[in-house]
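All remarks here apply to the structure that follows.
The values are calculated or read from the model by the stated rules, or taken from the named source; none is laboratory data. Quick caveat: nothing in here was measured; it's all calculated off a predicted structure. Quick reminder, even Gly has a Cβ in these numbers, built from the backbone with ideal geometry, and neighbours come from all protein chains shown.
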Amino acid sequence: MAIAHPCTLLGAARALLQPAADAQGQHLQAQAACLLGNYERAHRLWEALAHGGDREALARLAELAQRGAPVFSGPRYPR
């Protein structure tokens, strides 16, 4: 089953809950994560795609960096 493009917040939430079977599904999940403000998850998804040679994912990572999206990129410390 193909993931529908996340146009609304409800659509974005639904896209995040469905498993992504291919690169297109991962892109849609990353876009949905951005729409919901989950930049860390979007970064992880696009980073994995970029490591596989996906140029669109690399461009999306650059956009996140240019926008100054709050992406956590360090070890988490216990509270």
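Among residues of region 32-56 that are in contact (Cβ under 8 Å) with a residue 12 or more places away in the chain, those with a beta-carbon under 6 Å from a residue that is basic (K, R) at least six positions away or on a different chain give the pairs A33/R41; W46/R60.
Kindly indicate the residue of region 1-41 that is of a type in the set (G, A, S), part of a helix (DSSP H, G or I) and at pLDDT 85 or above and also farthest from the chain's Cα centre (by Cα) among those meeting that condition. Filtering first and then ranking leaves A23.
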